[in-house]
Structures are given as structure tokens and as C-alpha cells.
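Data first, discussion second: the structure below is written as C-alpha cells.
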Amino acid sequence: MNNNFISAEDFLKQSEKVQNTLRKWWEPQKFDLIYTIHGNSSIQGLTNSLIYYYRENHGIDYIRIGGTFPLLQMYQLINFIEDKVNKEILINTWEYKGGIAAVVTLERLDIHVKSYKGILDALWQVTIQIIEGE
């Protein structure tokens, strides 16, 4: 897991249910991070069916919207969680061995996740629990 986004590897480790739910929920926006067969990139432009992205040493390339998936960032995970539970989430953090540990709590759903890998990891775990529990 990267500190700034969910890696392609971590995304692909999840069940089809998790992957498909997140793909359906995601509405591509300019500058979102994505994974392509050429590696990680960011969206440079959009049409109804295509995403234009920067491909290193090749310039701008394109892919159909269904042919990629997002490398979700912290704000996107928070938006997903709040969309699904229709309630704000509580995030507590503290310093732990030179990094940040986090606890994410959704009391209404009795979800309480602690991660010593940071906020992004805790939010990712909560996201997976919500989807798997649907």
C-alpha cells in the first residue's frame, strides 16, 4: 500500500464484489489516479466513454472508461464510506513508531478499525468491510 493511494496490487487482491462495487461507484474526474496496462497515471481528460491519460515517454494516450480502475485516495474512501452509511465517520490518529496509527469508527454500523499503517489503510479496511457486509 502506498501512503497516498490504494495500490493496484491491493485493489486486485480484493474480491470481485469489492472491485466491482468500487468501479461502479467511481465517477472518473480529471486528475484522478488510475491504473492502466502501462502503469499508474492520472486522468488528463474525459469523454463519455474514454479516459485520456499521460503515458510516460509517449505523451497522451487513452483507454475506455471500463478498461481501468481507480487508485483510490483518502478523500475518495471517505466519500465512499459516507455515501454508503449516510453518516460522518470518526477518525482518531496518533503517532506510532515514527508513523501514524489510526482508528476509524462508524458507531451506527458497529465498525471499529484500528490500523498501525495509517489513515489510508484504516479507511481501506472499513471500505472493504462495508462492501462485504452488503
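Every number here is computed from the coordinates shown, using simple stated rules; none is lab data. Remember, it's a predicted structure, so these values are computed and weren't measured experimentally. Glycine gets a Cβ as well: all are built from the backbone with ideal geometry, and neighbour counts include every protein chain shown.
Just to confirm a number: summing +1 for Lys and Arg and -1 for Asp and Glu over residues other than Q125 whose beta-carbon lies under 10 angstrom from that of Q125, what do you get? Spell out each step's value before the answer.
Working: positive: K114, K117; negative: D121.
Here the charged neighbours net out to +1.
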Percentage relative contact order, the chain, counting C-alpha pairs under 8 Å, at least six apart = 20 percent
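Could you sort 31-43, 48-60, 68-80 so that the peptide with the highest average Cβ count within 10 Å comes first and the rest follow in order? Could you put the intermediate results ahead of the total?
Numbers: 31-43: 15.6, 48-60: 12.3, 68-80: 18.8.
Order by mean packing, descending: 68-80, 31-43, 48-60.
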How far apart, in nm, are the 7 Å Cα→Cβ label points at I91 and E16?
-> 3.2 nm
For the chain, the longest principal axis of the Cα atoms and the Cα long axis of helix 119-132 enclose an angle in degrees, to the nearest 10, of 90 degrees
If you take all C-alpha pairs in the stretch 47-134, what percent of them are over 23 Å apart?
-> 40 percent
